[in-house]
Structures are given as C-alpha cells and as structure tokens.
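Here's the structure we're looking at; comments come further down.
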Amino acid sequence: RDARVPLVLVLISVCPQGPTEIYVKAGEMVALYCPRYRGYDHGDAKLIWTRYHTQDMDLTNSVSSAEQRQMGILVHERSLVILSASVNHQGNYSCSQGNASTWFRLTVLTPQSREYEKMTQYSTTGYTEEAFTLHCPDVNIAAENIPNITSNGIIWHKEGESLPTHSYFSSVKENDHGVYTCTRSYLCYGQIYNMTFTVVLRVQQKVKPVKDAEIREPPNNHVFHVDLGSPKVIDCKAVIHSNFDEVFWLSGKSFVETDNSLPVFYNFTKNNNTGKIMTASLVFKKVSEEDLLKNYTCKLTSVSEHSNFVTINLAQKPRPSYLSLALGIVGIVVVMVLTVVIYVRFKINITLFLRDTIGCHSSTSDGKSYDAFLICYKSNTDAGLHEDDRKELENVLEERFGYSLCLYDRDVLPGKAVAEAVLDCIEQSRTVVLVPTSPDPGPGSGLLSAIHEALVERQTRLVFIQTETTDVSRSGSLPEALQLLGEAGDCVTWKGISSMQPSSSFWKQLRYYLPSPQHAPKVRLLP
C-alpha cells in the first residue's frame with residue numbers, strides 16, 4: 001500500500017451490559033425497539049432482528065411477511081411487534097447493525113406467574129386537593145410510523161367500577177385511591193390488539209402549614225338531636241400550639257363547671273401524639289327540656305391572642321313516623337288483592353295465553369295414547385249437539401288445537417264388546433269428555449254407571465258438557481249415574497250457535513279444563 005494513505009479501522013460495538021428485560025401479559029401486544037447506533041445513522045449497515053429459540057432465526061431476511069403474520073409478529077425497521085404474546089414467543093431477541101447490537105429477554109406473564117402482579121403494576125402518588133393526571137406507561141409502538149397499525153387511543157378503568165373513568169383529577173380526594181387499568185388498543189389487519197397496564201394510585205394528605213390554634217369540630221351552629229332523659233356527650237376538638245392554650249364550655253354567658261357531680265359539666269384531655277389536639281367534652285347526665293332552651297359555646301383562648309369559638313344547640317329527636325310504613329303495607333295489600341282478583345277474573349285467558357304463546361305441551365309420556373276420549377250421552381232436550389256440530393267439535397279439537405282424540409265410532413275395533421271397548425278407551429285416555437247429543441250416536445247411556453266406577457277407580461279427569469237447559473243438580477231431570485258424573489267433573493255449557501266459534505267462552509273453558517296436548521297441532525286453521 002502507499003505509505004502516504006493511512007489505514008483507518010473503525011470498530012463500533014456496544015459493551016455487553018446484559019439483555020433488556022421486557023415483561024408482557026399473555027395475549028397482549030408488545031413492541032421491542034432497537035436504538036440508533038452512532039456511526040450507522042445513514043444506513044451504512046442493514047439492521048437485522050434475530051430470535052434465539054431452539055435455533056437462531058433471522059426475522060429480517062429469512063422470514064417473509066406472510067410467515068411473520070403466521071408467527072404473530074411484525075418487523076418494520078427498528079421495531080419488532082408481537083401482536084398477541086404467548087409462551088411460545090418468550091425468549092431472547094437481538095437487533096444488530098454492523099458490529100453494534102442490543103439484546104432483549106422477553107418474558108410472557110400469566111396470572112399464575114409469581115412475578116405477574118409485581119411486574120405488571122406501577123405505582124404513583126397524588127395529594128389531596130391538588131390536580132393530578134394518571135400516566136399510562138410508555139410503550140415503543142409509537143416510536144416509529146409502522147404500517148398497518150393504527151392507534152385507537154387509551155381507555156382507563158378503575159377496579160370495582162364498570163364504566164370507564166378519566167385520567168385527570170382536578171382535585172384529588174381520598175376515595176380516588178385504588179387500582180386503575182389503562183388499555184392502549186391498536187387496529188392491525190382488521191383486528192384489535194391491546195396493551196394493558198395497571199397503575200396503583202396512592203393518595204396522601206396534603207400537609208397544610210400550621211396556622212393559629214383553632215377549633216376543628218363541631219361546626220358552628222350545629223344542632224345535636226338528643227333524647228330527653230338520656231345521657232349525651234359532645235366533644236369539642238381544637239388544635240393548640242402552647243401549653244397555655246385553653247378550651248372550655250360556656251352555657252349562655254356562664255362558665256360550665258368541671259365538677260362531675262353536676263347535671264351538666266365538662267372535662268378535657270390532650271393528645272400530643274397527633275399535633276397537640278385538645279378535646280373538651282360537654283357531658284349531660286340526663287338531657288332535660290331546660291337544656292334544649294340554652295345555647296352552648298365551646299371557646300378556645302390562645303397565648304397568641306387569637307380566640308375561636310363555636311356555638312351549638314340541642315333539639316329533641318323527632319318521633320318516628322309510621323305513616324309511610326302504613327301506606328307501604330296498604331299498598332302491598334292492595335296490589336295483592338288486585339292480583340288475586342285479576343287472576344280469578346282472567347285465569348282462563350291467562351292460562352290459555354301462556355299455553356299458546358310459550359307452547360306448553362307435555363314433553364314426557366304418561367303411557368296414554370289419547371289426550372281425550374269423547375263419549376256421547378243423550379240430551380234430555382233438543383239443545384244437544386247434532387251430528388254436524390259434533391263432527392265440528394271433534395275436528396276443531398284435533399286439527400286446530402292439536403288434541404289426540406279417541407272416538408268410539410272411529411277408533412274402536414268392530415266386534416268388541418261395548419263395555420270392554422269403552423273401558424279400554426278410558427284406560428288409554430288422559431281425559432273423558434261427555435258430549436250431549438241429539439240423537440245419541442254412541443254406545444248408549446246404559447254404560448254410565450260403569451263409566452263412573454271406572455273414572456273413580458282410575459282417577460281419570462272428567463269434563464262434562466251440558467246444555468243451557470241441563471240441570472245436573474235437580475233430581476229426576478237426568479239419570480242418577482249422569483248426575484253423579486256431572487258432579488264429579490268440570491262442567492262446560494254448550495250454548496248452540498254462539499259456542500261454535502273457536503274464540504267463544506265455551507272453547508276457552510273446554511280447553512282450560514282439558515290438559516295441554518302432548519303434541520302441537522300439525523295444521524293451524526284460520527278461524
């Protein structure tokens with residue numbers, strides 16, 4: 001080489017001072033930021049991010065953008081962002097540029113980690129009656145303008161409160177102390193990622209400069225409510241600065257004595273441990289009506305020629321008023337009575353509304369094949385149901401309201417004994433419905449006694465449809481067996497043409513007494 005050209009060797013390095021410890025909560029975003037190195041400000045050497053795991057991985061050159069997204073990381077110039085940290089992400093990282101490098105040790109904390117609470121909490125102190133601002137710990141995500149990441153601001157919450165709170169306090173109060181959480185949210189590739197930090201605010205009393213001696217309590221012109229004939233003690237507390245300061249009580253313009261044998265007296269104590277607090281206690285052995293008429297004054301005299309006083313009054317406690325309690329009880333009784341009246345008046349409509357709206361159908365089988373067995377009996381007048389009306393009754397029950405019916409002329413096999421067939425239908429049905437007809441198309445009324453015995457024995461529910469002219473209670477108007485059946489079951493009155501509409505009171509009462517069908521109707525017919 002030409003001796004006139006000096007050889008200059010530039011060596012730039014960073015002294016190894018141990019890795020920078022980074023702690024992050026599991027599931028949250030974290031950013032590692034590589035500092036700028038002197039001598040490499042103009043891009044003389046490329047910056048490289050490396051992860052050290054089971055094997056070293058060059059995140060800058062060897063991993064594509066798609067692979068980075070799959071790994072949950074984003075590398076952009078001097079920033080390495082982990083979108084949602086997990087245990088798989090923790091370990092050592094480094095950023096290097098030329099001969100300079102910086103190391104990071106990332107630890108992902110879970111609530112079970114020993115260091116979780118210690119490493120994820122920050123403390124700050126505010127003083128009462130002073131303005132104060134909570135600061136969310138700084139992060140490296142805003143160090144550079146990283147593409148595809150947009151900040152959504154910071155939201156503060158206080159532990160124990162559901163609504164967000166403000167970070168600025170115009171005047172700190174004691175109840176402002178507590179644990180606050182700040183959440184930084186970022187939008188990246190259409191998803192929200194958070195960084196959460198816990199800040200413990202400790203509130204301390206603002207130390208006020210000591211002024212002249214003064215009375216701290218009670219407030220001036222305060223009224224104490226007392227019971228006649230009961231004892232009462234009223235404390236007057238004052239801050240004093242000299243042993244020659246004195247606190248005492250006056251009754252009107254007269255001094256209250258310290259003689260504890262008197263009905264009214266006072267005594268005093270000093271507490272030097274709390275800044276020389278003197279307490280003068282006014283004691284009433286038994287409060288009298290005469291005491292209510294007097295003014296009592298606590299007066300402080302000081303060697304600084306500063307005097308301070310407060311005046312208090314006594315008043316008898318008002319007697320408790322039972323008017324509001326009585327009104328409350330009357331209101332509750334009225335509501336209960338109205339509820340009972342409304343239920344009794346509209347119980348059928350309420351029951352059917354709940355059954356139709358909620359769909360109360362039997363979900364468990366009781367071993368019965370039919371919801372109801374319809375059996376006809378001959379009406380003693382022409383007001384019974386004719387064949388067309390009976391067919392319409394059966395059709396509405398089955399098609400509109402979804403009941404499964406056992407009909408003698410349809411479901412009983414021919415050749416079977418009449419009495420045995422009727423008893424089998426009763427056995428397989430949850431309810432028996434007696435329908436007055438004219439003429440009688442059923443097995444006849446001769447089986448009424450057997451039906452009554454079967455119903456009593458099996459405890460089967462019975463619904464008795466009667467006509468307006470039927471009187472089941474009048475002896476001789478109906479057969480004895482039919483009268484017994486009418487008295488044993490729930491009665492519904494058929495009123496002819498007015499009962500044909502499915503919305504009539506006849507249908508409401510009949511459906512009310514029938515149990516809810518086991519299955520919902522297959523076809524909903526229009527009325």
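The values are calculated or read from the model by the stated rules, or taken from the named source; none is laboratory data. These figures come from a predicted structure and were not determined experimentally. We place every Cβ from the backbone using ideal geometry, glycine too, and count neighbours over all the protein chains shown.
Only one entry in V75, V108, V63 is outside any strand (DSSP E or B) and modelled with pLDDT of 85 or more, namely V63. Selection of the range 381-405 for residues being outside any helix (DSSP H, G or I), of a type outside the set (S, T, N, Q) and over 20 Å from Q466 (Cα atoms) yields F401, G402, Y403. Can you spot a residue in the range 469-485 that is surrounded by 13 or more Cβ atoms within 10 Å (Cβ to Cβ) and at pLDDT 75 or above? Scanning the range 469-485 turns up no residue that is surrounded by 13 or more Cβ atoms within 10 Å (Cβ to Cβ) and at pLDDT 75 or above.
H222 meets all of the listed conditions (1) under 18 Å from C298 (Cβ atoms); (2) surrounded by 13 or more Cβ atoms within 10 Å (Cβ to Cβ); (3) in contact (Cβ under 8 Å) with a residue 12 or more places away in the chain but one, namely (2).
Among the residues of the range 132-183, those identified as within 29 Å of the chain's Cα centre (by Cα), within 15 Å of M29 (Cα to Cα) and at pLDDT below 90 are N152, G153.
Out of the residues in the range 4-33 that are modelled with pLDDT of 90 or more and assigned to a loop (DSSP other than H, G, I, E, B), which is nearest to R78 (Cα to Cα)? Here the answer is M29.
Reported count of residues in the range 397-426, each being loosely packed, with under 15 Cβ neighbours inside 10 Å and under 54 Å from the mean Cα position of the chain (by Cα), is 1.
Report yes if some residue within the range 431-447 is touching a Cys at 6+ places or on another chain (Cβ under 9 Å), assigned to a helix (DSSP H, G or I) and at pLDDT 85 or above; otherwise report no. No, that holds for no residue. Figure legend. Inter-residue proximity from the range 475-498: first residues farther than 16 Å from T431 by Cα and part of a helix (DSSP H, G or I), second residues among the polar types (S, T, N, Q) and modelled with pLDDT of 80 or more, beta-carbon distance below 7 Å, spacing 6+ or different chains. Indicated pairs: S498/S504. Residue check: L74 meets all listed conditions (1) touching a Leu at 6+ places or on another chain (Cβ under 6 Å); (2) closer than 17 Å to I149 by Cβ; (3) of a type in the set (A, V, I, L, M, F, W, C) but one, namely (1). No other residue among N88, N92 is surrounded by 12 or more Cβ atoms within 10 Å (Cβ to Cβ) and within 27 Å of T196 (Cβ to Cβ) apart from N92.
Please go through the range 499-514 and pick out each residue that is in a loop (DSSP other than H, G, I, E, B) and at pLDDT 85 or above.
Listed by number, the residues that qualify are S504, L514.
Residues of the range 234-251 that are within 21 Å of N295 (Cβ to Cβ) and either of a type in the set (S, T, N, Q) or exposed (fewer than 11 other Cβ atoms within 10 Å of the Cβ) (or both): S251 alone. Only a single criterion out of (1) assigned to a loop (DSSP other than H, G, I, E, B); (2) in contact (Cβ under 8 Å) with a residue 60 or more places away in the chain; (3) not hydrophobic (A, V, I, L, M, F, W, C) is not satisfied by R114, namely (2).
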